[in-house]
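Chemist: Before I ask anything, let me first share the structure, which is written out below as structure tokens.
The values are calculated or read from the model by the stated rules, or taken from the named source; none is laboratory data. Fair warning: this is a prediction, and the values are worked out from it, not measured in the lab. As a convention, Cβ positions derive from the backbone with ideal geometry for all residues, glycine included, and neighbour counts pool all protein chains shown. These accessible areas exclude ligands, DNA and RNA; they are computed on the full protein's heavy atoms, side chains included. Shrake-Rupley method; radii C 1.70, N 1.55, O 1.52, S 1.80 Å.
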Amino acid sequence: SLTPLKINEIKKVNISNDQVDVDAKAVLFESGIYAVLPKDVPEKLALAALDVAGAPAQVEKLVKEGDTVCIIGGGGKSGILCCYQAMKNVGKTGKVIVFEYSEANAQRIRDLGLAHVVLVGDATKPVEIYNKINEITNGELCDVVINNVNVPGTEMSSILITKDDGVVYFFSMATSFTKAALGAEGVGKDVTMIVGNGYTKGHANLTLEIIRESKDIRELFEKLYV
Ligand SMILES: NC(=O)c1ccc[n+]([C@@H]2O[C@H](COP(=O)([O-])OP(=O)(O)OC[C@H]3O[C@@H](n4cnc5c(N)ncnc54)[C@H](OP(=O)(O)O)[C@@H]3O)[C@@H](O)[C@H]2O)c1
């Protein structure tokens, strides 16, 4: 969506992993960012992980030891990387909660041990998710909420489950500025909302390090994206 491509030939369209193999020339600007592809990670795996590199890198910046963090859509590609980083950052005293739509994706997170609590539900239903998170956190709600879904209409859920003075990071491209801004005002929530800047310093290295550190995530991503 950002980099101009002159496509000479479309070789293959891979519906299952959202990848298209092309013979093409990319136009890279002097101010653009780039990363050297590592020798120890297969190209397709590295590209799949780098696609969402901003998300776990922002988690590293936002999440502190002892925090309660909820990752909405935590069972997807960016969500899994965020879970790994959040588990690292919250330490022994914090809590990572995943709120995921399908039982299959939720089970993946349980199997990988990437969260303390995994809840299944629909994040487009604010009251449903609020009640569940309220109960799990004994009314305390979350210090940081990371939104990794691929559907519209989850702004209010993200806002409602964040405690006052907490932070919501909207990585999802389906986020509506209008719904987030007016939603927070409408329910009187003094939360900091961050537009999902896909870049933060060191994002590529941090993400590739996760792939190196976690054999489980690497195996799963190889299965799904290579
Ligand atoms: N900000 C940036 O720079 C940037 C860069 C790349 C991507 N993105 C965006 O980030 C988002 C996530 O990307 P991704 O590659 O991680 O996507 P993904 O692998 O498809 O993950 C999305 C996850 O959200 C879950 N989900 C869908 N509907 C839900 C609901 N109603 N309640 C709870 N969970 C729900 C999905 O569950 P099911 O599979 O069970 O439906 C899936 O696990 C997308 O919107 C993408 O466009 C942003």
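Chemist: Give me the net charge of residue 59's neighbourhood, meaning all other residues with Cβ under 15 Å from the Cβ of residue 59; Lys, Arg count +1, Asp, Glu -1.
Modeler: 0
Chemist: If packing is taken as the average count of other Cβ atoms within 10 Å, what order do 50-62, 73-85, 15-27 fall into, highest mean first?
Modeler: Values: 50-62: 22.2, 73-85: 26.9, 15-27: 11.5.
Packing order, densest peptide first, comes out as 73-85, 50-62, 15-27.
Chemist: Take the solvent-accessible surface of the protein heavy atoms, probe 1.4 Å, and return the percent of it on the chain that carbon and sulfur atoms account for. Could you put the intermediate results ahead of the total?
Modeler: Details: 6570 of 12250 Å².
Whole-percent figure for carbon plus sulfur exposure: 54.
Chemist: Right, another one. If packing is taken as the average count of other Cβ atoms within 10 Å, what order do 179-191, 207-219 fall into, highest mean first?
Modeler: 207-219, 179-191
Chemist: If you take the beta carbon distance between residue 226 and residue 185 as r and set R0 to 41 Å, what does 1/(1 + (r/R0)^6) give as a FRET efficiency, to the nearest 0.05?
Modeler: 0.40
Chemist: Turning to a different aspect of this structure: For segment 105-121, in order, what is each residue's ³J(HN,Hα) by Karplus, 6.51 cos²θ - 1.76 cosθ + 1.60 with θ = phi - 60°, in whole Hz (x at glycine and Pro)?
Modeler: 5, 5, 5, 4, 5, 4, 4, 7, x, 9, 7, 7, 9, 10, 10, 10, x
Chemist: So, one more: Place +1 on the Cβ of every Lys and Arg and -1 on the Cβ of every Asp and Glu in segment 54-195, take the dipole about the Cα centre, and give the residue among 79, 154, 94 whose Cα lies farthest towards its positive end.
Modeler: The listed residue farthest towards the positive side: 79.
Chemist: What does the charge count around residue 48 come to, taking other residues whose C-beta lies under 10 Å from its C-beta (Lys +1, Arg +1, Asp -1, Glu -1)? Don't skip to the answer; put the middle values down first.
Modeler: Details: positive: 44, 77; negative: 18, 43, 51, 222.
Combined, the nearby Lys, Arg, Asp and Glu give -2.
Chemist: Straight distance only, please: which lysines reach the Cα of residue 12 with their own Cα at less than 27 Å, same-chain residues fewer than 8 apart left out?
Modeler: Correct list for residue 12: 25, 39, 44, 77, 223.
Chemist: How do 124, 178, 137 stack up against each other in accessible area, from largest to smallest, with a 1.4 angstrom probe? The partial results should precede the final answer.
Modeler: Working: 124 55, 178 85, 137 15 Å².
My answer, sorted largest first, is 178, 124, 137.
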